[in-house]
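The values are calculated or read from the model by the stated rules, or taken from the named source; none is laboratory data. The shown structure was predicted, so the numbers you read here are calculated from the model rather than taken from an experiment. When we count neighbours, we look across all protein chains shown, and the Cβ atoms used for this are built from the backbone with ideal geometry, even at glycine. Side chains are part of the model used for accessible areas, which takes the heavy atoms of the whole protein and leaves out ligands, DNA and RNA. Shrake-Rupley method; radii C 1.70, N 1.55, O 1.52, S 1.80 Å.
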Amino acid sequence: MYAFDFVKPSSIDDAVKALSAEGAQPIAGGQTLIPTLKARLNAPETLVSLTGIAELKGVCRDGDVLVIGAGTSHAAVARDAAAEFPGLAALALQIGDPAVRNRGTLGGSIANNDPAACYPAAVLATGATVVTDRREIAADDFFQGMFTTALEEGEIVTSVRFPIPEVSAYAKFAQPASRFALTGVFVAKFAEGVRVAVTGASEDGVFRWTEAEEALVRSFAPEALADLRVPDGGMINDLHGTPAYRAHLVGVMTRRAVKAAS
Amino acid sequence: MTRLSMKVNGRTVSAEAEGRTLLSAFLRQGLGLTGTHVGCDTGQCGACVVHVDGKPVKSCNVLAMDTADAEVTTIEGMANADGSLSVLQQAFQDHHGLQCGFCTPGMVMSAAALLEENPTPSEAEIRHYLEGNICRCTGYHNIVKAVMAASGQDVSQLGVAAE
């Protein structure tokens with residue numbers, strides 16, 4: 001790692017102030033950022049830790065919405081969202097391993113927007129609202145391609161407001177070494193419709209599979225998807241899987257998610 | 001360099017640290033607690049697992065400064081007060097839950113956290129919880145057996161059907 005200064009503010013206001021300095025970057029749980037720093041792929045002058053800000057942590061229900069603080073660890077979401085939103089708690093429990101889940105956070109995951117991260121699928125599939133220190137961003141506008149989001153320099157995700165679906169499930173085909181999603185699909189059924197979001201598969205990061213959504217509105221059953229396929233074009237090609245393999249997995253994992261949810 | 005303090009194995013300690021000092025390096029080089037092993041140094045293998053405020057974390061993937069004033073437990077803090085092995089450590093010895101021993105500190109710290117959360121885990125639950133701890137010697141069977149035995153469960157039939 002290159003050398004950097006480290007500061008740990010205890011309020012959102014102080015964190016935003018610290019992040020306005022030249023060369024300052026935020027760090028949440030650090031489960032992706034620290035390995036990136038070790039590889040010298042990033043060289044901040046100052047790291048502003050968000051782990052000491054109590055107002056960023058916690059899970060609470062607000063009507064039909066589950067509000068989760070951006071600094072809430074995956075382990076805490078798995079535990080504290082289980083009763084209100086079991087599909088989301090189950091997703092959190094599949095991220096990394098127990099030690100990673102104790103450090104990694106919701107806000108860190110979506111701000112990084114790794115194309116194979118789990119949380120973006122849940123945020124997009126529920127049509128959640130990303131709340132920052134300065135505005136609210138709809139999930140459909142937040143994710144803007146691999147490692148790219150609508151966040152401005154120095155803008156901090158403070159919470160995510162998840163509309164709670166009638167039923168939901170996340171089906172993940174985990175890459176066995178990294179435990180990232182080789183392909184993961186979150187399906188959420190609401191009174192007004194169905195949303196399907198796919199992570200791990202596309203070079204553009206998380207995306208909605210609208211044809212599947214339309215088919216599932218007509219019939220919320222795996223069979224409704226039997227004739228649907230996503231095109232191979234734009235799917236990730238790496239040593240873990242070809243575009244055709246990932247496109248196939250999108251169908252398989254979506255059917256599994258629907259089965260698990262229904 | 002800054003003077004960094006935290007509570008490690010029940011004692012308040014301090015040593016010099018930079019912003020980029022990892023918790024694993026602070027424990028090993030700063031405090032001389034070399035029981036915490038660094039295997040992959042990429043957050044994958046789990047040899048460096050310690051408890052921070054009671055929860056297992058990968059210490060090679062945590063900045064030391066971020067744990068200022070926290071309560072940290074390392075493998076050096078796991079033995080009984082008289083220096084004898086804890087029930088869990090003794091079970092690793094009794095059931096040959098280690099060969100080269102490099103992964104063992106992390107295995108013990110993760111297994112201790114599991115037993116704290118779930119005092120009588122099933123074989124499947126143990127295997128799932130230890131997913132982030134890699135062992136290249138044992139093939140895991142005896143580690144699982146050791147954790148089950150430490151939880152007071154009968155392990156005499158474990159793996160018999162498979163043999």
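Here are the numbers for the structure shown:
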item	result
Members of region B:11-45 that are among the small types (Gly, Ala, Ser) and without any contact (Cβ under 8 Å) to a residue 40 or more places away in the chain	B:14, B:15, B:24, B:25, B:30, B:32, B:43
Unique match (being in contact (Cβ under 8 Å) with a residue 40 or more places away in the chain and on the phi < 0 side of the Ramachandran plot) among A:81, A:125	A:125
Matching residues in region A:53-78 - criterion: being out of contact with any strand residue (DSSP E or B) (no Cβ under 8 Å at 6 or more places or on another chain) and more than 23 Å from residue B:55 (Cα to Cα)	A:63
Residue check, residue A:61 within 11 Å of chain B (Cβ to nearest Cβ) and farther than 21 Å from residue A:153 by Cβ	no
Check on residue B:106, in a loop (DSSP other than H, G, I, E, B) and not assigned by TED's automatic domain parsing to the domain that holds residue B:40	no
Filter result for residue B:131 (open to solvent by 40 Å² or more (accessible area, probe 1.4 Å), part of a helix (DSSP H, G or I) and free of Cβ contacts under 8 Å to residues at least 12 places away in the same chain)	yes
Qualifying residues in region A:118-145 (those that are open to solvent by less than 30 Å² (accessible area, probe 1.4 Å) and over 21 Å from residue A:165 (Cα atoms)) - the one nearest to the other protein chains (Cβ to nearest Cβ)	A:132
Restricting region B:1-12 to residues that are assigned to a strand (DSSP E or B) and either surrounded by 17 or more Cβ atoms within 10 Å (Cβ to Cβ) or of a type in the set (S, T, N, Q) (or both), the residue that is nearest to the other protein chains (Cβ to nearest Cβ)	B:2
Test: residue in region B:70-87 that is over 12 Å from the mean Cα position of the chain (by Cα) and within 30 Å of residue A:3 (Cα to Cα)	yes
Hits in region A:208-235 - residues which are touching a strand residue (DSSP E or B) at 6+ places or on another chain (Cβ under 7 Å) and either in the same structural domain as residue A:112 (by TED's automatic domain parsing) or touching a residue at least 40 places away in the same chain (Cβ under 8 Å) (or both)	A:208, A:209, A:212, A:216, A:220
Matching strands (runs of 3 or more DSSP E) fully within region A:1-52 where at least 2 residues are more than 26 Å from residue B:49 (Cβ to Cβ), more than 11 Å from chain B (Cβ to nearest Cβ) and within 25 Å of the chain's Cα centre (by Cα)	A:24-27
